[in-house]
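The values are calculated or read from the model by the stated rules, or taken from the named source; none is laboratory data. Values in this document were obtained by computation on a predicted structure and should not be read as measured data. No Cβ is skipped: glycine too gets one built from the backbone with ideal geometry, and neighbour counts run over all protein chains shown.
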Amino acid sequence: MTLQMNEVTVILMSLSIMLISGFLMTRVTKPLKLPNVTAYIIAGILIGPYVLKLISTEIVDNMSFVGDIALAFIAFDVGKFLKKEVFLRSGLRAIIITLFESLVAGAVITLAMRFMFKLEWDFSLLLGAIATATAPASTMMTINQYKAKGEFVDILLQVVALDDMVCLITFSLVATFINANKAGTFMLTDALLPILHNLGALVIGFVFGIILGRILTPTRSDDNRLILTIAMLLGLSALTSMFDISPLLSCMVFGITYINTTEDKKLYTQINHFTPPILSLFFILSGIKLDVGSLATLGVIGVAYFFIRIIGKYIGSYVGCHLTGKDRAICNYLGFALVPQAGVAIGLAFLGYRILPPDVGNRLLTIILSSSVLYEIIGPASAKFALFYSGSIKKT
């Protein structure tokens, strides 16, 4: 009798392999004092279709929804750090720092691509717009793993939360400018529509937060509280995906609204107990998606992008922190915590691919996909370095 694995068996076995491989890799990275995120990404690379081939590309393609779910939970959790008293105390400063760290990075990438490598303005502007983004996922997981606290963490989370908003607006304006050049006309509606969609997502997130605060009465059981919250997070993610919008901003506003209208910190603790398997799958899948061979095609331009963006983020954050009167530790180390780049950047790279000619679009996509994985590998270690030397992680 021969046993054959059906589709359900393959999926379940794949999930088991992913979670076990991630756990085993943390046993290797823990003595090296590396964050768990790094272990998960390395595990994904090893079991993926380009190394050990334990997980097929078909399985990965069918699990794209895991990214949206993970980002929704991460964004909701970020919301708890943006309480109104904290934001009123440092919100304007956070906005100034965000504008500097994101736009300086975007500007130096654009200028480097145009004048150092003599590339087209369209390509240079799109790559610069994408360079403004910072991925909050690995930073958040590193903060949670080491239970980091303090002013540095507060300002970091505010900057990371605002960062994607700046990126999305910048990319929308650049894309509109490029399309207008192609068509020979400029339509204001083309520039405003993506911004309006994102503003609408923020409003929906706010409404969801109000509703959740009303239905999670003190008499609700812990099980039902968790069920209702997850149901609303999934529903909010589904609504944003209808308009090709990242769930980050709306789910973050969802979390901000709930904590500021209820002061209920217990719910966030419940969510954090539920999410570790989802977050580990998210990072393992990121590693699986890496085409190791594509790293060889990254080339001088890709390497330049990788390092120049880091330099731009550091300089921008340093200047922004200095201008807003932040202490030396925040000025010196905030830039190191802004290295990761993944979800939003990759999504925008695919949009950029459709805007540019095929060969130029492929170059853009390869640079972002390859560098994003490298950023995600070194990003957690860089974030840990920043958190430790800023005094946010207690020395043991």
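Quick check on my filter: what residues within the stretch 102-124 are of a type in the set (A, V, I, L, M) and at pLDDT 90 or above? Spell out how you get there, then give the answer.
Step one: of the stretch 102-124, the residues of a type in the set (A, V, I, L, M) are 103-105, 107-109, 111-113, 116, 119.
Hits for the stretch 102-124 are LEU103, VAL104, ALA105, ALA107, VAL108, ILE109, LEU111, ALA112, MET113.
Looking at TYR314, TYR305, TYR268, TYR318, which one is modelled with pLDDT of 85 or more and more than 30 Å from LEU369 (Cα to Cα)?
Only one candidate qualifies: TYR268.
Run down ASP223, ASP190 and say which single residue is of a type in the set (Asp, Glu), at pLDDT 90 or above and in a helix (DSSP H, G or I). Don't jump to the end; show me each part of the working.
Values: ASP190 fails: at pLDDT 90 or above.
Just one listed residue meets the conditions, ASP223.
Looking at the stretch 226-255, which of its residues are among the small types (Gly, Ala, Ser), touching a residue at least 40 places away in the same chain (Cβ under 8 Å) and in a helix (DSSP H, G or I)?
So the first thing to find is which residues in the stretch 226-255 are among the small types (Gly, Ala, Ser), and the list is 231, 235, 237-238, 241, 246, 250, 255.
Narrowing further to those that are touching a residue at least 40 places away in the same chain (Cβ under 8 Å): 237, 241, 246, 250, 255.
Once the filter is applied, which keeps residues that are among the small types (Gly, Ala, Ser), touching a residue at least 40 places away in the same chain (Cβ under 8 Å) and in a helix (DSSP H, G or I), the stretch 226-255 yields SER237, SER241, SER250, GLY255.
Answer yes or no as to whether VAL86 is at pLDDT below 85 and either of a type in the set (Val, Ile, Thr) or part of a helix (DSSP H, G or I) (or both).
Here the answer is yes, as VAL86 does meet what is asked.
So which residues in the stretch 120-130 are touching a residue at least 12 places away in the same chain (Cβ under 8 Å) and surrounded by fewer than 19 Cβ atoms within 10 Å (Cβ to Cβ), if there are any at all?
If the condition is that a residue be touching a residue at least 12 places away in the same chain (Cβ under 8 Å) and surrounded by fewer than 19 Cβ atoms within 10 Å (Cβ to Cβ), then GLU120 is the only one that fits.
Do you know which residues across the stretch 85-118 are surrounded by 19 or more Cβ atoms within 10 Å (Cβ to Cβ), closer than 20 Å to ILE355 by Cβ and either polar (S, T, N, Q) or more than 18 Å from the chain's Cα centre (by Cα) (or both)?
Of everything in the stretch 85-118, those that are surrounded by 19 or more Cβ atoms within 10 Å (Cβ to Cβ), closer than 20 Å to ILE355 by Cβ and either polar (S, T, N, Q) or more than 18 Å from the chain's Cα centre (by Cα) (or both) turn out to be ILE109, THR110, MET113.
Can you name the residue in the stretch 64-82 that is in contact with a helix residue (DSSP H, G or I) (Cβ under 6 Å, 6 or more places away or on another chain) and outside any helix (DSSP H, G or I) and, of all such residues, is surrounded by the most Cβ atoms within 10 Å (Cβ to Cβ)?
PHE81
With crowded, with 23+ Cβ neighbours inside 10 Å, at pLDDT below 85 and either over 21 Å from ILE69 (Cα atoms) or of a type outside the set (Gly, Ala, Ser) (or both) as the only criterion, which of PHE171, PHE177 stands out?
PHE171
Looking only at the stretch 1-15, filter to residues that are β-branched (Val, Ile, Thr) and surrounded by 14 or more Cβ atoms within 10 Å (Cβ to Cβ); which one of those is farthest from ALA381 (Cα to Cα)? Walk me through how you get there before you give the answer.
From the stretch 1-15, those β-branched (Val, Ile, Thr) are 2, 8-11; that's our starting set.
When the remaining residues are screened for being surrounded by 14 or more Cβ atoms within 10 Å (Cβ to Cβ), the result is 10-11.
Working: VAL10: 33, ILE11: 31 Å.
Taking the candidates together, the pick is VAL10.
What is the residue count in the stretch 9-52 for residues that are touching a Ser or Thr at 6+ places or on another chain (Cβ under 7 Å) and either part of a loop (DSSP other than H, G, I, E, B) or at positive phi (or both)?
2
Pick from the stretch 16-26 the residues that are aliphatic (A, V, I, L, M) and more than 13 Å from PHE283 (Cα to Cα): which of them is surrounded by the most Cβ atoms within 10 Å (Cβ to Cβ)? Steps first, please.
Residues of the stretch 16-26 aliphatic (A, V, I, L, M): 17-20, 24-25.
Then drop every residue that is not more than 13 Å from PHE283 (Cα to Cα), which leaves 17, 20, 24.
Details: ILE17: 17, ILE20: 12, LEU24: 12.
For the stretch 16-26, the residue satisfying everything is ILE17.
Taking the residues in the stretch 27-45 that are crowded, with 17+ Cβ neighbours inside 10 Å and aliphatic (A, V, I, L, M) as candidates, determine which candidate is modelled with the lowest pLDDT.
LEU34
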